[in-house]
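Heads up, the thing below is written out as structure tokens.
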Amino acid sequence: MTETPVMPLHMQRVGFDPVDGLARVRENGGVTRVVTPFGLPAWLVTRYEDVREVLSDPARFSNARRGFPLPDEVELQLSEEEIAQRRAGQLLAMDPPDHTRLRRMLTPEFTVRRIGRLAPRIEQIVEQHLDDLEREGPPADLVSRFALPIPSLVICELLGVPYAERAGFQRRTRRQLDFSVPIQERLALQRESREFMRGQVVRAKAAPGEDMLGMLVREHGDELTEDELIGIAGLLLVAGHETTSNMLGLGTLALLCHPEQLALVRDDPAAVEPAVEELLRWLSIVPSGIPRVTTTEVTLAGQTIPEGELVMAALVAADRDPALLDEPDRLDITRGGMGHVAFGHGLHHCLGAPLARMEMKTAFPALLRRFPQLALAVPYEEIGFRGHHFIHGLHSLPVTW
Amino acid sequence: MRVSADRDVCIGSGNCVLTAPAVFDQDDEEGLVVVLTSDVEGPVADVVRAAVARCPSGALRLIEGQEPPAGP
């Protein structure tokens, strides 16, 4: 049976947009009580400055206190060993100095220069997928044929996971992050994912390749437990394909709905980078990061919050805050800038941001130049937006050209 | 105006490199920020201010005004 949980305010959408109620909270008070998708009470912070304050102060807003907060009755059923396994290597459930230790191992792999060296391979992957689409002809589902496979193949090669395994990990990721899937099934999928990654880690340990898993084994193998390696690699695999794929799918739909802006991305190379930043901001597909726990009594937007409470920073509300830019609800790719918090803020800021940016700035113009007549193959009203997912996106995007 | 970077705080997001590549870089070994020119004036200063505002970790600091003259 599938549950249909009521999503907290910042996770509700009407098409691309957050719901009006979220803007009302931001305008009136700035902070409100919500219930997380796991049924736990939390404070929702909505203003740009407050969101940045929460995310940049791990001493007062801790990721590690609860890790990934689950309802108590679920946590009680997990063994101590499993709780430890779930947390091992999970950078998002850590504070400094534990977080710093692991992140420092990965930072050199994601510098702007290192990612820049991947550009030719990313271009090749994009062109291959466009060749396949062109050969088979319209119509096609752009999610399953373009938006999902491109970042999946890129992260597989980078990490050292066989692309042949994609059907399994894509399905597990999609369902693990879907709040309409019962919690016990999602926990079972997490166990499956961990076992899958255990196999990859064991293989990398036996014969470390020239990929990120190989690097971690070679350079940090004696500092990392097997569970930590599994946790790090699992996080990179999920974060590497599920996020960018939803940006590519939703971003393409957003451009199709704004044809004059689509034409700019297609025809003017200088328009691409600002367009990527504006799409990141306007879509803010990750509505909030991992909930923080207050380590002391804090005051946000005049609201006193006691110690030990969950706080969710609504990235999607911050990125639509008039304090960030004028007419925040309008998509205008010509003004795109990097001040948004779509990649988060603070020390948990997305590690793969340079990679995601590179994939998007390659894929959007390549798609639009290959198919200048790209159009929806169904009426807009029939496009299926995902409603109960940790990351906003589309079920499918039928297009023709 | 001077800009300085605290590599102990830096998380290597690369936002500064993307914003002001003439002023910031990342080293290959650790992927952390390297300030290429710490004295910035004119239009470059505005770009550097933007880079500082976009730094997610708070590793960058601005010191407004000219460098004091070297001591005796």
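Quick note: the coordinates plus some simple rules give every number you see, no bench work behind them. Worth saying up front: this structure is predicted, and the values here are computed from it rather than measured. Cβ placement follows ideal geometry from the backbone for every residue including glycine, while neighbour counts extend to all protein chains displayed.
Using Cα pairs under 8 angstrom and six or more residues apart, how large is the relative contact order of chain B, in percent? It rounds to 45 percent for chain B.
Would you be so kind as to identify all helices of chain A, as entire DSSP H runs, whose Cα atoms reach 18 Å or more along the helix's own axis and whose mean Kyte-Doolittle hydropathy is at least 0.5? TM-like helix candidates: A:226-256. Only Cα pairs under 8 Å and 6+ residues apart enter the sum, and on that basis the relative contact order of chain A stands at 27 percent. Taking label positions 7 Å along the Cα-Cβ direction at both B:Asp46 and A:Ala167, the computed distance is 5.5 nm, reported to one decimal. Let me know the whole percent of all Cα-Cα pairs from chain A that are separated by more than 42 Å. In whole percent, the share of Cα-Cα pairs in chain A beyond 42 Å is 9. Per residue, the convex hull spanned by the alpha carbons of the stretch B:2-63 comes to 66 Å³. For the options A:Glu381, A:Glu127, A:Glu273, a Gaussian network treatment of chain A with springs between C-alpha atoms closer than 10 Å singles out A:Glu381 as fluctuating the most. In a simple Cβ point-charge model (Lys, Arg +1; Asp, Glu -1; nothing else charged), chain B has a dipole of about 300 debye relative to its Cα centre. For the options A:Arg266, A:Arg24, A:Arg135, a Gaussian network treatment of chain A with springs between C-alpha atoms closer than 10 Å singles out A:Arg135 as fluctuating the most. In chain A, a dipole from Cβ-located charges (positive for Lys and Arg, negative for Asp and Glu) runs towards its positive end, and of A:Pro322, A:Thr304, A:Met215 it is A:Met215 whose Cα lies farthest in that direction. With contacts taken as Cα pairs under 8 Å at a separation of at least 6 residues, the stretch A:133-282 carries a relative contact order of 30 percent. Between the beta carbons of A:Glu81 and A:Glu219, assuming R0 = 25 Å, the FRET efficiency works out to 0.35 to the nearest 0.05. Here is the P(r) of the stretch A:10-163: all C-alpha pair distances, binned every 5 Å from 0, give 2, 7, 10, 11, 12, 13, 17, 14, 9, 5, 1, 0 in whole percents. A simple charge model with +1 on the Cβ of Lys and Arg, -1 on the Cβ of Asp and Glu and nothing else charged puts the dipole of the stretch A:9-400 at about 380 debye relative to its Cα centre. Annotation note: GluC sites (Glu not before Pro) in the stretch A:178-241 located in DSSP loop regions with a Cβ neighbour count of at most 16 within 10 Å are A:Glu210, A:Glu223.
The stretch A:62-136 and the stretch A:1-38 have Cα centres spaced 25 Å apart.
Dipole of the stretch B:2-63 computed with +1 at Lys/Arg Cβ and -1 at Asp/Glu Cβ about the Cα centre; of B:Leu36, B:Val52, B:Leu18, farthest Cα towards the positive end is B:Val52.
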